[in-house]
1. Just a yes or no: is a residue in segment 3-26 surrounded by fewer than 13 Cβ atoms within 10 Å (Cβ to Cβ), part of a helix (DSSP H, G or I), touching a helix residue (DSSP H, G or I) at 6+ places or on another chain (Cβ under 9 Å) and at pLDDT below 95?
2. Quick one: count up the residues across segment 32-46 that are surrounded by fewer than 18 Cβ atoms within 10 Å (Cβ to Cβ) and either under 12 Å from the mean Cα position of the chain (by Cα) or in contact (Cβ under 8 Å) with a residue 60 or more places away in the chain (or both).
3. Could you grab me the full set of residues in segment 52-86 that are buried (at least 16 other Cβ atoms within 10 Å of the Cβ) and assigned to a loop (DSSP other than H, G, I, E, B)?
4. Of (1) surrounded by 20 or more Cβ atoms within 10 Å (Cβ to Cβ); (2) modelled with pLDDT of 95 or more; (3) out of contact with any helix residue (DSSP H, G or I) (no Cβ under 7 Å at 6 or more places or on another chain), residue 49 satisfies all except one. Which?
């Protein structure tokens, strides 16, 4: 399956907040576009949530885009969170790579929007 930006949706539940929903499979074929989207949203929003709860697969290029977005958010004084769901395969990628130890992540949209954190950057 080839990922497209059609598999990436942005919603704005309130002013200053953007949620990027990654559904399906995401890999190197759209990593640059995802990275550019996150970069732009971190200019226009105070909080950006990357929701991978409906993703079926992500590879290291997408992980790198998320890590870069987190660094950019810190530089700009913005908040960036990962919303993980129950999909074991995707969550396992985050666990195996150690990314969860360095990024702020939550289990639900409510936690993401309310500032709760199941895990936080060290």
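1. Within segment 3-26, one or more residues are surrounded by fewer than 13 Cβ atoms within 10 Å (Cβ to Cβ), part of a helix (DSSP H, G or I), touching a helix residue (DSSP H, G or I) at 6+ places or on another chain (Cβ under 9 Å) and at pLDDT below 95.
2. The qualifying residues number 1.
3. Correct list: 52, 53, 78, 84.
4. (3)
The values are calculated or read from the model by the stated rules, or taken from the named source; none is laboratory data. Predicted model, so just to flag it, every value in this text is computed and none were measured. As a convention, Cβ positions derive from the backbone with ideal geometry for all residues, glycine included, and neighbour counts pool all protein chains shown.
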